[in-house]
1. Taking amide H positions as placed 1.01 Å from N in the peptide plane, with prolines and chain starts having none, which residues 5 or more places from Asn5, or on another chain, fall under 5 Å of its amide H?
2. For the chain, what does the accessible surface come to per residue with a 1.4 Å probe? Please give it in Å².
3. What per residue convex hull volume, in Å³, do the alpha-carbon atoms of the chain yield?
4. Run down the lysines and flag those whose C-alpha is under 20 Å from the C-alpha of Lys86, throwing out any fewer than 8 positions away in its chain.
5. Among Ile69, Pro49, Ser100, whose Cα projects farthest towards the positive end of the dipole of the chain, with charges put on the beta-carbon of Lys, Arg (+1) and Asp, Glu (-1)?
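The values are calculated or read from the model by the stated rules, or taken from the named source; none is laboratory data. This is a predicted model, so every value here is computed, not measured. Using ideal geometry, Cβ is built from the backbone for each residue, glycine included, and neighbour counts are taken over all protein chains shown. Side chains included, ligands, DNA and RNA excluded: accessible areas come from the protein's heavy atoms. Shrake-Rupley method; radii C 1.70, N 1.55, O 1.52, S 1.80 Å.
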Amino acid sequence: MTWVNLTSMEQLDEIKNASGFSLIFKHSTRCSISMMARKNFEMDWDVIPEDTKLYFLDLIAFRDISNKIAEVFQVAHQSPQILLIKDGDCVLESSHSDISAEEVAEVIAA
């Protein structure tokens, strides 16, 4: 699997309007906890269905997009944080050590 870098508001609109599942990983490049969460997630992400789009947001570089994500999906900002989006709605939000590729896969399979 590979990340799609989330760098524009237009991409956020695409995620909101897409059918099926998309995942947003909000990552702080200045945070060791965020680095560890990303590494752990990537080690296990092969359990996630391959047709799931995985978006990666550098929230330091794109803070405006991070703020918009919180507004659009009605979640509190966290870092690191994942949001699993299904048909435009956030169906799973996890942060810090709760971030789990296995949990994402379970929600998709349910």
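1. The answer is Phe56.
2. That works out to 54 Å² for each residue.
3. Hull volume normalised by residue count: 86 Å³.
4. Lys16, Lys26, Lys53, Lys68
5. In the chain, that residue is Ile69.
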